[in-house]
Amino acid sequence: MKKVVFVLSVLFASYMSFSQEQEHYNVIASQFKDLYNANDYKAVFELFNEGMQKALPIDNTKAFISNMKSTLGTIKSVEFNRLKNDAAHIYKMTFDSELRDILFYLDDSNKIAGLLVTPHKPNNLPVIERNTTKMILPFKEEWFVFWGGTNVGQNYHVAYENQQYAYDILIMKDGVSHKGDSKVNENYYVFGKDIIAPCDAKVVEVITGVKDNIPGELNPEQLTGNTVVLQTENEEYLLFAHLKEKSIVVKEGQMVKQGDLMGQCGNSGNTTEAHLHLSLQNVADMNIATGGKLFFDDILVNGEIKKNYLPVKGDQIKNKN
């Protein structure tokens, strides 16, 4: 009986500790809402700890508040949503125009040490570990896996939930990705290469009209550039990003067969050189997606046939047929 009482006491103490911590976060979230709505950016700045104030000086805080206000309007309501990594607290905030998630991380003095605004991510989204649909590679020649694999050393995408396990793939010859002037897209071996459907699927999203970058420059305003998203029969979503301007030949709602042409590899969006960004997602919207592992069936990897294979950084990959 004493052991039972002891366990209950520990649980109660832990609950009280979490409850008290939650109350601190609730107060900060409520204060942020009221000060934001009042355009009191100075008071918002005072909620930050020293590190945050250095990272987001008062002029930047003013611009941050103003930009959010012009895009989203005022905050109508705030509601605790979930914990992230058992530390940061995420709140669902209802703005005039749409929902957003706002992550708060407080230091020991209950000052804001971290703040991040992202699209609202519902808690009941489907989970996808890997694809069950059989895939071919979405190109015809032999390409090089620049980023790919299941750990950060092989694949920096793993650190980002919405694109974990994604690939960046291009063509390399003699250890380089281009010939001649590095500022000319057409000099990159992969630029303009056909991108084909890796399986039978439905086109659920198409983004066009994004200019290809001058190599070395970025377009952070249009992250994925010209984009195609496919939905498989098994409710898997495949995102193809950075396609060439005016190259996409499919439309939303269209059904494609494995091997059908969809567009060409380009250098549009937030990228410094031509390549294909390819990822498996649990939902169509990359902003709220969780990435899954994308395996390919019966392909050539460094000249050897591999079945049900997940390519990794450094692999030369090609369809068998």
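Readers should treat all values here as calculations from the given coordinates under stated rules, not as data from a laboratory. Everything numeric here is computed off the predicted structure, so don't read it as measured data. Reconstructed Cβ throughout: ideal geometry from the backbone, glycine too, with neighbour counts over all protein chains shown.
So here's what we get for this one:
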read-out	value
Histogram of C-alpha separations across region 197-251, 5 Å bin width, %	4, 20, 27, 21, 14, 10, 4, 1
Largest-first principal axis extents, alpha carbons of the chain, Å	66, 58, 39
Förster radius 30 Å - calculated FRET efficiency between residue 96 and residue 151, Cβ distance, rounded to 0.05	0.10
P(r) of region 220-284 over all Cα-Cα pairs, binned every 5 Å from zero, in whole percent	4, 18, 27, 26, 17, 7, 1
Two-site label geometry, residue 140 and residue 161: point separation in nm, points 7 Å out along Cα→Cβ	4.1
Hypothetical label at residue 130: residues of region 299-314 whose amide nitrogen lies under 15 Å (7 Å Cα-Cβ projection)	299, 306-312
Modelled label reach - residue 287, point 7 Å along Cα→Cβ, region 34-74 residues with backbone N closer than 11 Å	72
Highest-MSF residue in the chain out of 251, 33, 54 [GNM, Cα springs under 10 Å]	54
FRET E, pair residue 246, residue 108, Förster distance 56 Å, beta-carbon r, rounded to 0.05	0.55
Dimensions (Å) - region 122-169, Cα atoms, principal axes, largest first	40, 27, 14
Fully extended contour minus Cα-Cα distance, from residue 38 to residue 76, at 0.36 nm per residue	12.4 nm
Inter-label distance, nm, simple model (7 Å from Cα along the C-beta direction), residue 86/residue 218	3.3
Cα Rg, Dmax, region 143-319, angstrom units	15.1, 44
Kirkwood Rh and Cα Rg combined as Rg over Rh, evaluated for region 52-152	1.12
Taking region 68-184 and dividing mean pair separation by its residue count, relative contact order in percent (alpha carbons under 8 Å, at least six apart)	12
Projected area, mean over directions - region 10-113, Cα convex hull, nm²	6.7
Length-normalised contact order of the chain in % [C-alpha pairs under 8 Å, at least 6 apart]	16
